[in-house]
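Chemist: Below you'll find the structure I mean.
Taken together, the values in this text are just the output of simple stated rules run on the coordinates, not laboratory data. Remember, predicted model here, so these are calculated numbers, not experimental data. Counting neighbours? That spans all protein chains shown, and the Cβs are built from the backbone with ideal geometry, glycine included.
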Amino acid sequence: MFTCFIVVLMSGCTQQNSDQERAKVFQEILTKLRSCIPVNENQQANGLKMAIVDIENNSQETAVKIVAYAADDPVDFDLPVYTMSRGRWLINEKGRAYLLDDSCREYKLKDRRAETSGKIPQDGRVHLNPGQAFEAILCFPVLSDKAQCGVLVFGNRVLPFLRTPFR
């Protein structure tokens, strides 16, 4: 009986230790990641809210599905537009969209597309009325298999994500 108690106690301690170790590793990753991400603006500035809906990592790309929605007032949502003269994707002529993994590696935007049959205007600006949402997919190079978490930097906004088993 005493032996069973010790085994149960040890397995409980082992589980607690592994949870503590995971929490410690996660905190170290977050500290490292904080050192390379830009300052985050208010996520609800101008009444626009944004969130990451899904991340799909396949052999060709990492597709990040985002949603932007208007809370109480109409807002304009700017998607990245490829500028030939500058040779890069820009949001409203000044901001960028990119991924940072937990090792501070940057993954530049390769493409963007509307989630459903909707079209993205040529200038990238989507007008949203109160309660209206717009979904888009941002395409990046394939994330490293070692990446456990990261952030999507979208202009002045920073949207964190935890790595779950990618599809």
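Chemist: Any idea what % of Cα-Cα pairs in the stretch 45-162 are farther than 20 Å?
Modeler: In whole percent, the share of Cα-Cα pairs in the stretch 45-162 beyond 20 Å is 40.
Chemist: From the Cα gyration tensor of the stretch 86-142, with a ≥ b ≥ c the square roots of its eigenvalues, which class applies: rounded if a/c is under 1.5, or else prolate if a/b is larger than b/c, or else oblate?
Modeler: Because a/c hits 1.5 or more and a/b exceeds b/c, the stretch 86-142 counts as prolate.
Chemist: In Å and whole numbers, how far do the C-alpha atoms of the stretch 37-107 stretch along each principal axis, longest first?
Modeler: Projected onto the principal axes, the Cα atoms of the stretch 37-107 cover 39, 31, 23 Å.
Chemist: So if R0 is 30 Å, what FRET efficiency would Asp73 and Gln122 give, r being the distance between their Cβ atoms, rounded to the nearest 0.05?
Modeler: 0.75
Chemist: Straight-line reach from Lys110: which aspartates and glutamates fall under 13 Å, measuring Cα to Cα and dropping same-chain residues less than 8 apart?
Modeler: Glu61
Chemist: Please compute the contact order of the stretch 45-162 in relative form: average sequence separation of alpha-carbon pairs under 8 Å and at least six residues apart, divided by the residue count, as a percent.
Modeler: Across the stretch 45-162, relative contact order equals 32 percent.
Chemist: Take Cys104, Cys149 and order them by how many other Cβ atoms sit within 10 Å, fewest up front.
Modeler: Least to most surrounded, the residues fall as Cys104, Cys149.
Chemist: Taking a cut-off of 21 Å between Cα atoms, list the lysines near Lys108, but don't count ones fewer than 8 places away on the same chain.
Modeler: List returned: Lys32, Lys65, Lys94, Lys146.
Chemist: Which of the aspartates and glutamates could a cross-linker bridge to Lys24, judged by Cα under 19 Å and excluding same-chain residues fewer than eight apart?
Modeler: Asp101, Asp102
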